[in-house]
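Asker: First the structure, then my questions, so here it is.
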2 protein chains.
Amino acid sequence: MDIQEGKQKFIESWGKMASDWGINRTMAQVHALLLVAPDALTADEVMDGLSISRGNANMNLRALIDWGLVHKKLKSGERKEYFYAEKDMWKVVRQIIIHRKKKELEPMLKVLDEVAGVEANCPQSESFCTVVKDIRTLSQKADKTLDTLIKADSSWFSTIFYQMVR
Amino acid sequence: MDIQEGKQKFIESWGKMASDWGINRTMAQVHALLLVAPDALTADEVMDGLSISRGNANMNLRALIDWGLVHKKLKSGERKEYFYAEKDMWKVVRQIIIHRKKKELEPMLKVLDEVAGVEANCPQSESFCTVVKDIRTLSQKADKTLDTLIKADSSWFSTIFYQMVR
DNA sequence: TTTTGTTTTCAAAAATAATTGAAACCAATG
DNA sequence: CATTGGTTTCAATTATTTTTGAAAACAAAA
């Protein structure tokens, strides 16, 4: 397998995985393309590289910037924008955690808190109260853990992983 | 908020969260419905409870069984099947990890291994090799960690969480 | 064997999500 | 200011995913 084929496979696979996780496939492919690019790319290069339209490229580049996974670079004397991906994988993981926590975990937690109002005057509906309480406890733990992870640095990350796998 | 309204909110929210994570919304709603149900439900009760068709209910109940999140129960003397959800949240988390790891992490890891063939005769394309190597290392760590998690019991789970949040 | 109650299947329809492309916009330059 | 090179927007289209519902399959009971 040569580099070109390898890149191709990587981009495809990264896109597939993302779409399994509810993330736009093309967004992930743009991300992958930038990850394996030796230098920052222009919107046109992204369009060509993935055979997608200008609108699509633009939308997904913006989304990636919004997620904090891609940055813009302006070359002096040039008018067009260049895009490059954050390549420190620990930063990448952290950005993804920050984004998904905010958009998905926190709203769920909010609902669980609301619903916990019911839980207060419990035994009426045993299983409902128990389940909500359990999920809420678990989610709160997850929330706190993620907060810690977000604040932690890369070496700490390795340390905890090492601990976990013994 | 009364219990009915609480259940409703919970089911909606569980479904929303699932669809954010690339899981069929209705599947998650069926799961939520069964989680908060005091007893096992029939397919018809699920259909009524969520206003969905028989085919849809059947498909998603099967999928939940496949994920190991729901079980079938046959009441003696009765012809129809009853369904109930696993309510031990640690088991639920574990089943989800098992399923998603197999379907999503492992295929990605396989591709990374293949692509690592390119990595072998590296410096040709610096960034590609570095990125692939980093992601591969990270994925392998995640894979091992999840294996440990899967084997671990609930108390261990709490312990590690406790450690993480200090 | 036939009837009856139930589950399963799957092609077609509906709903949802992603993509296109051309027009509008923006700002640097002549 | 008008032009040029580039970015953004978004209604319409296209692709993908989900759902329906009726027919087929199954299996217990008559």
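Asker: Could you grab the pairs with beta carbons closer than 8 Å, sequence gap of 6+ or different chains, first residue in the range A:105-117 and in contact (Cβ under 8 Å) with a residue 12 or more places away in the chain, second one in a helix (DSSP H, G or I) and hydroxyl-bearing (Ser, Thr, Tyr)?
Answerer: A:LEU105/A:SER139; A:MET108/A:SER139; A:MET108/B:SER13; A:LEU109/A:SER139; A:LEU112/A:SER139; A:LEU112/B:SER13
Asker: Being of a type in the set (Asp, Glu) and within 11 Å of DNA strand C (Cβ to nearest atom) is the filter here; which residues of the range B:45-65 pass it? Before the answer, list the steps.
Answerer: Filtering the range B:45-65 down to residues of a type in the set (Asp, Glu) leaves B:45, B:48.
Correct list: B:GLU45 only.
Asker: Could you pull out every one of the helices (runs of 4 or more DSSP H) wholly within the range A:1-96 that has 3 or more residues that are more than 18 Å from B:PHE128 (Cα to Cα) and either within 12 Å of chain B (Cβ to nearest Cβ) or open to solvent by 40 Å² or more (accessible area, probe 1.4 Å) (or both)? Full working, then the answer.
Answerer: Details: elements: A:3-20, A:25-36, A:43-50, A:54-66.
Of the helices (runs of 4 or more DSSP H) lying wholly inside the range A:1-96, those with at least 3 residues that are more than 18 Å from B:PHE128 (Cα to Cα) and either within 12 Å of chain B (Cβ to nearest Cβ) or open to solvent by 40 Å² or more (accessible area, probe 1.4 Å) (or both) span A:3-20, A:54-66.
Asker: Can you confirm whether A:GLU78 is at pLDDT below 95 and either over 18 Å from the mean Cα position of the chain (by Cα) or away from DNA strand C (no atom under 16 Å from the Cβ) (or both)?
Answerer: Numbers: at pLDDT below 95: yes; either over 18 Å from the mean Cα position of the chain (by Cα) or away from DNA strand C (no atom under 16 Å from the Cβ) (or both): yes.
Yes: the conditions hold for A:GLU78.
Asker: List the pairs whose first member sits in the range A:48-72 and is within 14 Å of A:ALA28 (Cβ to Cβ), whose second member is within 12 Å of DNA strand C (Cβ to nearest atom) and among the hydroxyl-bearing types (Ser, Thr, Tyr), and whose Cβ atoms are under 8 Å apart, counting only residues at least 6 apart or on separate chains?
Answerer: A:LEU50/A:THR26; A:ILE52/A:THR26; A:ASN56/A:THR26; A:ASN60/A:THR26
Asker: Would you call A:LYS144 at negative phi, modelled with pLDDT of 90 or more and facing chain B (nearest Cβ under 7 Å)? So that I can check it myself, show each step before the final result.
Answerer: Working: at negative phi: yes; modelled with pLDDT of 90 or more: yes; facing chain B (nearest Cβ under 7 Å): yes.
Judged against the criteria, A:LYS144 is a match.
Asker: State whether one or more residues within the range A:27-43 are among the acidic types (Asp, Glu) and out of contact with any Ser or Thr (no Cβ under 9 Å at 6 or more places or on another chain). Give the derivation first.
Answerer: The initial filter retains those residues of the range A:27-43 that are among the acidic types (Asp, Glu), namely A:39.
So of that shortlist, the ones also out of contact with any Ser or Thr (no Cβ under 9 Å at 6 or more places or on another chain) come out as none.
There is no residue in the range A:27-43 that is among the acidic types (Asp, Glu) and out of contact with any Ser or Thr (no Cβ under 9 Å at 6 or more places or on another chain).
The values are calculated or read from the model by the stated rules, or taken from the named source; none is laboratory data. If you're wondering where the values come from, they're calculated on a predicted model, not measured in any experiment. Glycine also receives a Cβ, built like all others from the backbone with ideal geometry; neighbour counts cover every protein chain displayed. The accessibility values were calculated without ligands, DNA or RNA, using every heavy atom of the protein model including side chains. Shrake-Rupley method; radii C 1.70, N 1.55, O 1.52, S 1.80 Å.
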